[in-house]
1. Out of the residues in the stretch 173-215 that are acidic (Asp, Glu) and in contact with a helix residue (DSSP H, G or I) (Cβ under 9 Å, 6 or more places away or on another chain), state the one that is nearest to LEU515 (Cα to Cα).
2. Given the criteria within 27 Å of the chain's Cα centre (by Cα) and open to solvent by less than 50 Å² (accessible area, probe 1.4 Å), does LEU471 qualify?
3. If I ask for residues that are surrounded by fewer than 21 Cβ atoms within 10 Å (Cβ to Cβ) and not aliphatic (A, V, I, L, M), which ones from the stretch 103-116 would you list?
4. What do you reckon, is GLU77 in a strand (DSSP E or B) and at pLDDT below 95?
5. Of all residues in the stretch 506-544, how many are without any contact (Cβ under 8 Å) to a residue 24 or more places away in the chain, among the hydrophobic types (A, V, I, L, M, F, W, C) and either over 18 Å from HIS113 (Cβ atoms) or open to solvent by 60 Å² or more (accessible area, probe 1.4 Å) (or both)?
6. When the residues of the stretch 282-293 are filtered to those that are part of a loop (DSSP other than H, G, I, E, B) and open to solvent by 10 Å² or more (accessible area, probe 1.4 Å), which remaining residue is farthest from ALA342 (Cα to Cα)?
7. Which of (1) out of contact with any Ser or Thr (no Cβ under 8 Å at 6 or more places or on another chain); (2) in a helix (DSSP H, G or I) does ASP167 not meet, given it meets every other one?
8. What are the residue pairs meeting all of these: first residue in the stretch 468-484, first residue touching a residue at least 60 places away in the same chain (Cβ under 8 Å), second residue buried (at least 16 other Cβ atoms within 10 Å of the Cβ) and aromatic (Phe, Trp, Tyr), Cβ atoms under 6 Å, and 6 or more apart or on different chains?
Amino acid sequence: MTFDCHPDRYRHWSLTIDGDVATLTLDVDPQGGLSDEYELKLNSYDLAVDIELSDAVLRLRFEHPEVHTVVVTGGMEEVSAGDRRHHGAAGGGRAGVFCSGANIQMLAAATHHHKVNFCRFTNETRLAIEDASQLSGQVWLAALNGTAAGGGYELALACDEIVLVDDRASAVSLPELPLLGVLPGTGGLTRLVDKRGVRRDRADFVCTRSEGIKGEQAVDWHLVDAAVPRSRFADAVAERATARAAVSDRPASGPGVTLTPLHRTISDDAIEYDHLHVRLDPDLGAATFNLAGPEGPQPSSADEILAQGDGFWPLALCRELDDAVLHLRFNRPSLGTWVFRASGDASAVLAVDDLLGRHLDHWLVREIVLYWTRTLKRLDASARSLIALVEPGTCYAGTLAELVLTADRSFMLESSAASLTLAEANTGWYPMANGLTRLATRFWGQPGDQDLAEAHLRKELDPGTARDLGLVTFTPDDIDWDDEVRLALEERASFSPDALTGLEANLRFVGPETLETKIFGRLSAWQNWIFQRPNAVGEKGALS
């Protein structure tokens, strides 16, 4: 399974751009799923549909700076009342379907591993939509021209505004519990109460009533922002989209950055990119990421960054790391330990960081930093043991130092040639899902230690200093290095990977709970458990 995609090859989405407003229309090809064992009826989706959506979210941000508002709508104009009721919507007559959610037959046939990773990826895509609305000036608006059920309504909830057609038939619903015995799997429960402020008793009613809520009641209960008759629906959506576009700080015109296909070679024991090499060791249950620092001349201005496009080192490496994480999640689930190395010149990494830091208000630089934020969060939520190795010749500085701070355990060789350098990028550029920096998370409850670490910004820290500051776990000498690293990896492979997943998820996200930590730490954990219950997936389970 790969995650390569392009609008020219979309089977389920169509993208049109009119000035500063883009429209993304969902019209699912029933035969276009990942498997021919099910049909994607009624604009239901599987991973194939969501891979295209994820691609569209990324391309709109990088390739179309002139787009200030994205309208997501449905392409199924009329569906029978019987089909609507089957998928959790009420009403007589004929009406459209925006999206009926995740395909039930797909969920019933999928392995537990695939279901969990499918929900995780879909959650990350929804969060990327919210990230665009909140931080990129590219606001998403859901135009529900028909029923939005289950994951379809959850997609709408990820948008900044929701407009529902008021035709006495179209509804919004979360019917997973009454119909399937599972939970809404992509943040719907959390967004109802935390994001939209739906009163708890009303949210309970919505989530236990398969028929959904229509029209003005949906507005009164804060489930949608407006309910508009079909005769005025298109104009109302256009007015809202234009109004939101007018206040965006994105450029009025391009050019953007074209995201060209990644150079990637996959073999039994490796995945190779231009700036990243991943070595696969099935016997040890481990994958080792070798990231390469920048080489050669780098841009010196925002215009030169734009001209270099997706070849600019931090953007190119981030795309490769993101792709590798997804590949390992879905295709190599038995590799439960991920080891990180970073080779190159630390000063070159800091120079690129300095360039980014001087132009953080430029739309492209902002997108690159936000992309790294999302990719590091994807790493945090990957349910793998993460180990960082700091050796001579490594370039853990600034942005790449985040990998050491991300790791569950880190080893730094006791050598004068090994160093670790913190910089401004580590003090606020890349917040975790809990809203804190990785330094603040590391030193939660010990603010003095965080202040001391941040007082050493821009200093090449030797192993002893890095250890004393609490930035690495162990500093073996060259006599013990190989044995200590080997034993740590073998020990990791001997433990239950499921137990490690739970352990690490509890330890990584200290401090305040946010919408993101609730979705990944609370909702996903419960959904994971429910997906194994006989009431859902047993011989007589609702999914079956």
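The values are calculated or read from the model by the stated rules, or taken from the named source; none is laboratory data. Model, not experiment: these values are computed from the prediction. When we count neighbours, we look across all protein chains shown, and the Cβ atoms used for this are built from the backbone with ideal geometry, even at glycine. Side chains are part of the model used for accessible areas, which takes the heavy atoms of the whole protein and leaves out ligands, DNA and RNA. Shrake-Rupley method; radii C 1.70, N 1.55, O 1.52, S 1.80 Å.
1. Restricting attention to the stretch 173-215, the residues satisfying the condition of being acidic (Asp, Glu) are 176, 194, 201, 204, 211.
Narrowing further to those that are in contact with a helix residue (DSSP H, G or I) (Cβ under 9 Å, 6 or more places away or on another chain): 176, 194, 211.
Working: GLU176: 20, ASP194: 7, GLU211: 26 Å.
Result: ASP194.
2. Numbers: within 27 Å of the chain's Cα centre (by Cα): yes; open to solvent by less than 50 Å² (accessible area, probe 1.4 Å): yes.
Taking the combined requirement at face value, the residue satisfies it.
3. Correct list: GLN105, THR111, HIS112, HIS113, HIS114.
4. On the way: in a strand (DSSP E or B): yes; at pLDDT below 95: yes.
Yes, satisfied.
5. Within the stretch 506-544, residues that are without any contact (Cβ under 8 Å) to a residue 24 or more places away in the chain, among the hydrophobic types (A, V, I, L, M, F, W, C) and either over 18 Å from HIS113 (Cβ atoms) or open to solvent by 60 Å² or more (accessible area, probe 1.4 Å) (or both) number 1.
6. First, pick out the residues of the stretch 282-293 that are part of a loop (DSSP other than H, G, I, E, B): 282-285, 293.
From what is left, the residues that are open to solvent by 10 Å² or more (accessible area, probe 1.4 Å) are 282-285.
Values: PRO282: 22, ASP283: 23, LEU284: 21, GLY285: 20 Å.
It comes out as ASP283.
7. (2)
8. Every condition considered, the pairs that remain are PHE474/PHE411.
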